[in-house]
Amino acid sequence: MAEFKLSPSDFCFLWEECPRCYYLKVARGFGRPAGPFPQIFGAIDRAMTACYDGMRTEEISPQMPPGAVRFGQKRVRSGPIDVGPDGAACTLSGRFDAVVELDGGGYAVIDFKTSSVRGAGIPLYSRQLHAYAYALEHPAPGAMGLAPVSHLGLLVFEPERFAHLPGAAAHLDGKLSWIELRRDDDAFLAFLRRVVAVLAQPEPPDPAPDCGWCRYRRESRENNL
């Protein structure tokens with residue numbers, strides 16, 4: 001029985017960008033070369049995690065469900081999820097930004113984002129947060145578990161102003177907003193079924209028409225490079 005290890009972060013972009021590249025990475029272990037990732041985004045994420053650790057949500061945004069921020073930057077891993085054809089299964093493995101321990105019981109999984117998040121990007125991030133929530137509620141043996149997860153959301157920082165401070169220092173400030181995401185496990189499991197059905201195929205799917213990586217690989221073969 002095939003069992004595929006899926007990264008929640010790949011649901012946001014790689015799956016959407018090119019199903020062939022996604023298949024090659026997960027089913028064949030042949031990923032794209034690592035590109036330069038702007039370190040500023042990771043630095044802001046870490047700074048937000050440290051700043052909000054233990055803070056009450058009403059101090060952050062009145063739209064957030066009441067509770068306190070806990071468990072920053074923790075890894076999760078689910079048990080096997082039987083969603084594929086012919087017994088194929090998957091597991092979910094990744095690291096969330098933070099969890100809110102809710103006053104009324106239960107938890108909220110939150111993700112920190114820098115710059116605006118609107119329109120088509122919201123469903124993509126919803127998949128990622130659903131994966132973290134599902135893994136927390138269905139952990140693998142020895143993995144972190146929290147239940148129930150009743151809220152999902154994005155805490156979005158949109159930088160607007162840069163200010164110089166005395167003593168060769170500076171700060172960046174801007175708008176902070178909370179985007180609540182509706183939890184829908186049926187839709188998420190249906191998405192996983194589509195993903196695993198592709199991964200269970202004996203051959204990779206066709207590339208996306210505008211995938212530069214697939215075009216580069218094809219042209220390299222055609223030119224015997």
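Among the residues of the range 124-183, those identified as of a type in the set (D, E, K, R) and closer than 23 Å to I60 by Cα are E158, E160, R161, D173, K175, E180, R182, R183. Quick one: D206 ticks every box in (1) touching a Lys or Arg at 6+ places or on another chain (Cβ under 7 Å); (2) within 22 Å of P8 (Cβ to Cβ) except a single one, so which number is it? Against the list (1) touching a Lys or Arg at 6+ places or on another chain (Cβ under 7 Å); (2) within 22 Å of P8 (Cβ to Cβ), D206 comes up short only on (2). Within the range 173-182, track down each residue that is within 18 Å of the chain's Cα centre (by Cα) and in contact (Cβ under 8 Å) with a residue 60 or more places away in the chain. W178, I179, E180 - these are the residues of the range 173-182 that are within 18 Å of the chain's Cα centre (by Cα) and in contact (Cβ under 8 Å) with a residue 60 or more places away in the chain. Of A133, A34, A98, A47, all but one fail to be farther than 26 Å from P159 by Cβ and small (G, A, S); the exception is A133.
Here are S220, S177: which of them is polar (S, T, N, Q) and surrounded by 13 or more Cβ atoms within 10 Å (Cβ to Cβ)? When all the criteria are applied, what remains is S177. Of everything listed in (1) farther than 26 Å from K25 by Cβ; (2) touching a Gly at 6+ places or on another chain (Cβ under 7 Å); (3) surrounded by 12 or more Cβ atoms within 10 Å (Cβ to Cβ), the single unmet condition for A140 is (1).
Among residues of the range 183-217 being touching a residue at least 24 places away in the same chain (Cβ under 8 Å) and among the basic types (K, R), the one that is surrounded by the fewest Cβ atoms within 10 Å (Cβ to Cβ) is R193.
When you check E137 against the structure, is it touching a Pro at 6+ places or on another chain (Cβ under 8 Å), free of Cβ contacts under 8 Å to residues at least 60 places away in the same chain, of a type in the set (D, E, K, R) and over 21 Å from C18 (Cβ atoms), yes or no?
Details: touching a Pro at 6+ places or on another chain (Cβ under 8 Å): yes; free of Cβ contacts under 8 Å to residues at least 60 places away in the same chain: yes; of a type in the set (D, E, K, R): yes; over 21 Å from C18 (Cβ atoms): yes.
Spelling it out, E137 is indeed touching a Pro at 6+ places or on another chain (Cβ under 8 Å), free of Cβ contacts under 8 Å to residues at least 60 places away in the same chain, of a type in the set (D, E, K, R) and over 21 Å from C18 (Cβ atoms).
For the subset of the range 8-31 comprising residues that are of a type in the set (F, W, Y) and in contact (Cβ under 8 Å) with a residue 40 or more places away in the chain, which member is farthest from E158 (Cα to Cα)? Only one residue fits best here, namely Y23.
Whenever a residue of the range 49-75 is among the aromatic types (F, W, Y), its partners that are surrounded by 16 or more Cβ atoms within 10 Å (Cβ to Cβ), lying with C-beta atoms within less than 6 angstrom and at least six residues away or across chains, give the pairs Y52/V69; F71/V99.
Residues in the range 79-131 that are hydroxyl-bearing (S, T, Y) and touching a helix residue (DSSP H, G or I) at 6+ places or on another chain (Cβ under 6 Å): 1 in all. For the range 50-76, enumerate the residues that are within 21 Å of P139 (Cβ to Cβ) and of a type in the set (K, R). R70, K74, R75, listed by residue number.
A short reminder: the numbers here are calculations on the coordinates, not readings from a lab. Worth saying up front: this structure is predicted, and the values here are computed from it rather than measured. Neighbour counts run over all protein chains shown; Cβ positions are idealised from the backbone, glycine included.
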